[in-house]
Amino acid sequence: MKRLIPCLEADKTEIELILLIKTIVTACKDISFRVSQGALSNVLGSTLDENIQGETQKKLDVLSNQLLKDMLFESGKVRTIASEEEDYVVAATEGAPYIVAFDPLDGSSNIDINGQIGTIFTIYRARDDVPFDSKLQFAQKGSEQVCAGYVLYGPATMLAMTTGGPTRLFTLDKTQGCYLLTEPEMNISADTQEFAVNMANQTQWSELFKAYIHDLVAGESGVRNKRFNMRWNGAMVGDVHRVLSRGGIFCYPTNINNPTQPAKLRLLYEANPLAMLVENAQGKAFTETTRILDIEPDDIHQRVAVIMGSANEVDACLNYLQ
Ligand code: AHG
Ligand code: MN
Ligand code: MN
């Protein structure tokens, strides 16, 4: 089986980018080891702090954030960093070619239950037209990403990544400490019978979105004339991994009862990288109105509604929302 670096070389990925990707996935190997040790590595539970978004930080959120930051600083390849766990952008190396954003640990609520969690990352070219330490470095549409990926810490540790070509899946060989190519081209089936949504949020949904889910749940006797099944991990990274692996639709729609925070998921380090992975595996990724990768960002912690996965099912959902 092919290793990650030769695979990137064969894809003609630029050397600087390969070195940066290597830095990120090496940090994730360390996170993976600590996650697999559970209580033995003293990483479970919460800290006493909150991040800027008012969420309690878990020990593993903080530790993963620090590990990634330290290694990215050391790499010298990153001009500026943005992270879910950092209130503001973090200036790294002036003149370096790339900027990196990440959700160091997605699915924090799964940490203490030995559930699926993961690290989501995205890489853009640094901008020379704005100061190197400005948040405007990240004022780039998702379609500008030069690399998007996640490392999923499940029963196996897996890396899903695209550098513009196909979405490839690697599995961490823990005996050798390297990522091996196990799925050269992920391909999301256009149709599906599986959906992922937090059903407990129904009172927050628009009437149009309620109608869509109602018709899925109605099964063979409803207008869709098809039985659907539901899966929900509580970690977007795990849910989208399932969608990439066997099709499906993942939805986190607008909360109409909360005008100050109508969406939950963050554009920069959750929606955009996963949207690129999904699109490069023949899927679709939209908010209720717009292709996610076309959104002009206005803040590093900006949130968006997310509907992504099997192309025909995303279309079907968007038809209800018009
Ligand atoms: P994070 O752990 O990085 O804060 O993200 C959690 C996100 C996402 O992974 C998941 O889909 C969603 O929150 C679940 O939230 P609810 O359980 O509140 O629906
Ligand atoms: Mn997250
Ligand atoms: Mn997180």
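Coordinate-derived values only; no laboratory data. Every value quoted in this text rests on a predicted model; they were computed, and no experiment measured them. Quick reminder, even Gly has a Cβ in these numbers, built from the backbone with ideal geometry, and neighbours come from all protein chains shown.
What the table below lists for this structure:
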item	result
Global form of region 44-166, assessed from the alpha-carbon gyration tensor, a/c cut-off 1.5	oblate
Cα-based helix-to-principal-axis angle, 15-37 vs the chain, degrees rounded to 10	70 degrees
Global form of region 194-320, assessed from the alpha-carbon gyration tensor, a/c cut-off 1.5	oblate
Net +/- balance of residues flanking Asn258 in space, Cβ distance below 11 Å, scoring K and R +1, D and E -1	+2
Cα centroid of region 166-222 to Cα centroid of region 254-304, whole Å	15 Å
Separation of alpha-carbon centers, region 35-98 and region 136-159, rounded to whole Å	15 Å
Charge context of Leu172, other residues only, Cβ under 15 angstrom, K/R +1, D/E -1	+4
Phi to ³J(HN,Hα) by Karplus 6.51 cos²θ - 1.76 cosθ + 1.60 over region 97-102, Hz, x for Gly, Pro	x, 10, 10, 10, 10, 8
Residue (of Leu20, Ser108, Val217) at the positive-pole extreme of the chain, dipole from beta-carbon charges	Val217
Cβ crowding within 10 Å averaged over residues, with 290-296, 278-284 ranked highest first	278-284, 290-296
Helix-only mean residue ellipticity at 222 nm for the chain, each DSSP H run of n ≥ 4 adding -39500 (n - 2.57), per residue, nearest 500	-8500 deg cm²/dmol
Charge dipole magnitude, Cβ of K and R +1, D and E -1 - the chain, Cα centre, debye nearest 20	820 debye
Qualifying chymotrypsin sites (Phe, Trp or Tyr not before Pro) in region 259-320, DSSP loop, other Cβ atoms within 10 Å at most 14	none
Local electrostatic count at Ile111 - Lys and Arg +1, Asp and Glu -1, tallied over other residues with Cβ under 15 Å	-4
Mean separation of Cα contacts under 8 Å, 6 or more apart, over the residue count of the chain: relative contact order %	16 percent
Where trypsin sites (Lys or Arg not before Pro) fall in DSSP loop in region 1-110, at most 12 other Cβ within 10 Å	Lys12
Sites matching GluC sites (Glu not before Pro) across region 169-239 that sit in DSSP coil, with at most 15 neighbouring C-beta atoms within 10 Å	Glu185
